[in-house]
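None of the figures in this text is laboratory data; all of them are computed from the coordinates on show. Since the model is a prediction, treat every value here as computed from it, not as a measurement. Glycine gets a Cβ as well: all are built from the backbone with ideal geometry, and neighbour counts include every protein chain shown.
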Amino acid sequence: MTIPLDSLSPFPHGPPVKLFWRRAALTDLRRKVAAIEGRPPQYDNVRHALPDKAVPITEAGSPIWRFGVEAIDGALPDGRLANTGLHDITADAYGDGPAAVGFCLALLRRLQATSAGTGAVLWCENAQAAREFGGLYGPGLAALGIDPARLVLVTVGRDKEVLWAMEEGLRAATLTAVIGEVTTADFTASRRLSLACADSATPALLLRHHRDTTTSAARTRWRVAARPGVADDWDARAPGRPRWSLELTRCRGGRPGSWHVEWNDATGDFRLAAPLADRTAAPQPAPVRAWGGPHLRRAG
Amino acid sequence: MRLYALNRSAAEQGLAVGQALTDARALIPDLTVHQAESEADAKALKALADWCGRYTPWTNIDGDDGLWLDITGCAHLFGGEAGLVDDLVRRLRKLGFTARPGLADTPGAAWAISRHGNSPIANPADQDEALAPLPVEALRLDPDSALLLQRLGLKTIGPLLDLPRATLERRFRSPEEGEAVLTRLDQAMGRRDEPLSPLHPIPAFTARLALAEPVLTAEGMEAVQDRLLARLCRDLAEAQKGARSLTLHAYRVDGEVARIAIAMGRPARDPRHMKRLFQERLETIDLGFGVETALLTADLVEPLLPRQIALQASDRRASNDAIDQLVDRLANRLGEPHIRRLQPNESHIPERAQRRVPATRDSADWADPSRPRPLRLLDRPEPIEVIAEVPESPPKQFIWRRVARRVLHADGPERIEPEWWRQVGQPVQERVRDYYRVEDREGRRYWLYREGLYQAEGQSGKPAWFLHGVFG
């Protein structure tokens with residue numbers, strides 16, 4: 001087989017590629033400089049100079065697990081996420097499953113930045129959920145700033161086993177956090193997990209199926225949906241930082257509310273998404289379905 | 001149809017093994033006959049060999065109707081050799097077996113005494129005297145040799161012993177035949193070694209507890225297990241070893257043996273840890289009418305050097321130990337293959353870039369990927385239908401799982417060439433992939449790729465689009 005000469009060059013076409021390279025090189029350099037200077041990488045792009053008052057981004061050494069966004073932390077009891085409690089995360093719709101996982105990992109990253117977050121993490125996944133969007137991918141976790149080597153993965157077939165494994169992980173009392181994915185967990189199960197969390201002073205994050213509406217004994221309960229983000233800082237065509245709409249539907253001792261946040265992989269911090277840049281404020285057309293035309297409609 | 005086996009009273013009335021059934025019926029019209037089931041017999045014999053594990057770990061089957069037990073170093077637990085033999089015969093009788101024990105210094109002598117002797121135990125000092133009156137068949141000879149010896153007038157072992165060896169050998173047709181007889185004779189006398197293998201490998205460490213009263217409850221069993229674990233772990237510590245797998249054997253009153261086993265990812269000798277692993281299984285064990293003897297064996301043992309106790313609870317090693325113990329507990333309940341760690345793999349093909357390895361293995365360091373990588377990767381890339389395809393650029397719209405998604409932002413391509421060294425001799429050639437990171441109008445992010453090149457369409461077929469993963 002002969003390979004055409006031009007296919008050997010990785011990006012065989014014009015300007016966007018150059019832009020792409022430049023962006024990658026710049027990000028890389030900034031990261032290196034930041035690492036040498038021992039500070040978190042900063043971005044000087046005007047679009048992200050948001051009205052929200054800046055809170056220290058990585059609270060290394062501080063035991064406080066929080067968003068670093070005043071508006072959200074203010075709604076939580078004591079202005080922080082409970083290190084000794086269960087937190088529920090539910091996707092808003094089927095397609096928001098990955099966003100919920102992204103949010104969950106963002107919280108984990110915030111936790112690992114605190115002084116309490118140096119240990120291993122137990123991730124219990126339901127094999128069915130893993131088949132839906134695929135299994136956790138190490139390089140992707142690393143890109144998010146989470147060391148995959150610190151993760152112990154449990155893959156089992158039933159919710160019951162996931163919950164058992166989570167409880168067992170909590171009882172070990174040496175983990176940074178325990179994360180589980182279930183389709184549903186009843187009140188008793190969430191109560192058991194909450195108690196185990198309190199006993200061992202280990203936080204747990206429970207990812208629930210979007211249709212699961214059972215009551216829960218969790219400290220906080222979040223609904224997460226993906227929101228269209230702005231373009232990348234360096235390439236107007238590329239996707240930028242992920243944005244999620246967060247709804248705090250239940251919070252003991254706090255105020256429920258909803259926010260649009262933007263997550264920054266590089267620095268590991270949240271920001272409130274600027275209202276103007278948020279296009280979801282405009283009424284959204286219903287999602288276009290395939291097989292929408294009558295000639296393509298299928299039964300089932 | 002012929003007689004396969006007889007009980008004592010049938011034998012006393014003159015029946016013999018191998019006799020035709022019709023002849024036997026003619027002699028004794030009301031003879032009770034059962035169909036022989038040699039397979040079931042073999043199974044029962046094996047179960048009985050396992051049951052004898054209560055006396056010694058070294059047990060094996062001998063032919064169709066015998067058992068070997070090497071009781072070296074075990075007899076004192078039962079009040080000496082006579083006590084052990086008594087106990088064995090009594091328990092076997094309770095189970096409904098008639099046993100003919102034979103105990104001697106060599107397997108050959110034990111065999112002879114058990115099959116042909118009168119008193120079950122040969123005194124080591126006069127083993128020769130014990131064997132002398134026994135028939136030559138007792139030496140495990142083949143029938144031809146035994147017949148020849150009898151024709152020569154050598155009906156018992158005594159005269160055989162007195163005969164000069166060279167003379168004896170000359171009487172046989174071939175030197176091999178003579179040599180075989182001498183070998184058997186030497187083995188019985190302990191002049192030649194006879195290596196035998198046990199049914200199960202001998203565990204290096206065991207702890208055994210005989211119970212005065214049968215244990216009937218799970219709580220009682222737990223107490224028994226605690227004592228066994230403490231004893232075993234002490235032995236392991238003395239030998240600087242750690243166990244990787246343990247089996248608890250519960251010898252029940254009814255002759256059954258119930259077993260539960262646990263496995264550990266790394267050698268351990270912490271009784272509390274082992275106890276927690278056993279805890280769940282212990283509830284599932286069927287105690288029947290009670291357990292009279294319990295045995296704990298360390299089946300797989302590895303060196304484990306003593307370590308300094310951590311000064312702080314936050315010590316990294318202590319925390320690693322705790323993780324190992326957690327992994328063991330999860331693995332024992334859920335199965336070892338369900339507990340994994342992610343490990344980087346040297347490959348730029350996305351699906352080969354990570355491996356799931358056993359969780360007890362030390363994890364390698366992950367490098368920060370220089371290119372965007374998805375949070376979840378589908379095991380099998382799913383084909384998508386791309387609308388408004390523009391060559392060499394990301395799609396404007398695509399259909400995945402029957403839902404159309406309009407692309408607002410796209411990043412790429414990142415070209416990943418197949419690993420040519422894997423392609424040699426493969427019938428289906430992998431194609432070049434161009435990966436794009438795209439975001440749809442709902443803000444969901446996907447990792448798509450196009451397989452194949454438009455320029456190479458003639459050679460390797462039309463390019464195809466796939467969805468390989470999702471971003472958070």
Largest first and to the nearest Å, give the Cα extent of segment B:411-470 along each principal axis. 44, 23, 16
So what's the net charge close to B:LEU134: Lys and Arg +1, Asp and Glu -1, counting the other residues with Cβ under 15 Å from its Cβ? 0
Cα-based Rg and Dmax for segment A:54-186, where Dmax is the largest Cα-Cα distance (Å): 14.8, 43
Its Cα gyration tensor gives the protein assembly as shown an equivalent ellipsoid whose semi-axes in whole Å, largest first, are 73, 32, 25
Under 15 Å from a point placed 7 Å out from the Cα of A:ASP186 along the Cα-to-Cβ direction: which residues of segment A:214-257 have their backbone N that close? A:214-217
Consider a paramagnetic label point 7 Å from the Cα of B:GLU39 along Cα→Cβ; state which residues of segment B:1-27 have an amide N under 13 Å from it. none
Suppose a student asked you for the relative contact order of segment A:151-222, using Cα pairs under 8 Å spaced at least 6 residues apart; what percent would you report? 33 percent
Average other protein chain Cβ within 10 Å of Cβ, residues B:442-451: 5
Assuming R0 = 25 Å, can you tell me the calculated FRET efficiency for the pair B:ARG100 and B:ALA204, based on Cβ-Cβ distance, to the nearest 0.05? 0.15
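Once the Cα gyration tensor of chain B is found, what semi-axes does its equivalent ellipsoid get, as square roots of 5 times the eigenvalues, in whole Å, sorted largest first?
69, 31, 24
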Quick one: if you stick a label point 7 Å off each Cα along the C-beta vector at B:ALA82 and B:TYR4, how many nm between them? 4.0 nm
How shielded is A:260-273 by partner chains, expressed as the average number of their Cβ atoms within 10 Å of its Cβ atoms? 0
Once the Cβ-Cβ distance between B:ALA239 and B:SER460 is put in as r, and R0 is 56 Å, what FRET efficiency do you end up with, to the nearest 0.05? 0.35
Inter-part gap, Cα centre of segment B:328-346 to Cα centre of segment B:22-40, in whole angstrom, is 57 Å
For segment B:74-107, list residues with backbone N below 12 Å from a point placed 7 Å from the Cα of B:LEU196 toward its Cβ? B:102-107
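Arranged from highest to lowest average of other beta-carbon atoms within 10 Å per residue, in what order do the peptides B:273-279, B:189-195 appear?
B:273-279, B:189-195
What ranking, highest mean first, results for peptides B:176-187, A:205-216, A:169-180 when packing means the other Cβ atoms within 10 Å averaged over each residue?
Ranked by mean Cβ neighbours within 10 Å, highest first: A:169-180, A:205-216, B:176-187.
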Ranked packing of B:350-362, A:143-155, most packed first, by mean Cβ within 10 Å: A:143-155, B:350-362
Less than 22 Å apart at the alpha-carbon level, and either on another chain or at least 8 residues along: which lysines does that give for B:LYS94? B:LYS43, B:LYS46
Give me the inter-chain shielding for A:92-98: mean count of other chain Cβ atoms within 10 Å, whole number please. 4
With label points set 7 Å from each Cα along the Cα-to-Cβ direction at B:ARG401 and A:THR214, the distance between them in nm comes to 2.2 nm
Cut-off 12 Å between beta-carbons: net charge of the residues surrounding B:ARG192, Lys and Arg +1, Asp and Glu -1: -2
Segment B:316-383: Cα Rg divided by the 2.2 N^0.38 Å rule of thumb: 1.35
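Residues with beta-carbon under 11 Å from that of B:HIS116, excluding B:HIS116: net charge, scoring Lys, Arg +1 and Asp, Glu -1?
Neighbour charge sum, excluding B:HIS116 itself: +2.
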Give me the one-decimal nm value for the distance between modelled label points at B:ARG281 and B:ASP126, 7 Å along each residue's Cα-to-Cβ direction. 5.0 nm
Mean projection of the alpha-carbon convex hull of segment B:205-303 over all orientations, in nm²? 5.5 nm²
Yeah, segment B:393-433 with a ≥ b ≥ c from its alpha-carbon gyration tensor (a/c under 1.5 is rounded, else prolate when a/b outruns b/c, oblate otherwise) is oblate
In segment B:42-189, how does Rg compare with the Kirkwood Rh, expressed as the Rg/Rh ratio over alpha carbon atoms? 1.02
Please report how far the C-alpha centroid of segment A:221-237 lies from that of segment A:165-211, rounded to the nearest whole angstrom. 29 Å
Give the lysines whose C-alpha is closer than 25 Å to that of B:LYS396, dropping any in the same chain fewer than 8 places away, or say none. A:LYS18, B:LYS462
How big is Rg to Rh over segment B:359-472, alpha-carbon atoms, Rh as the Kirkwood inverse-mean-distance radius? 1.01
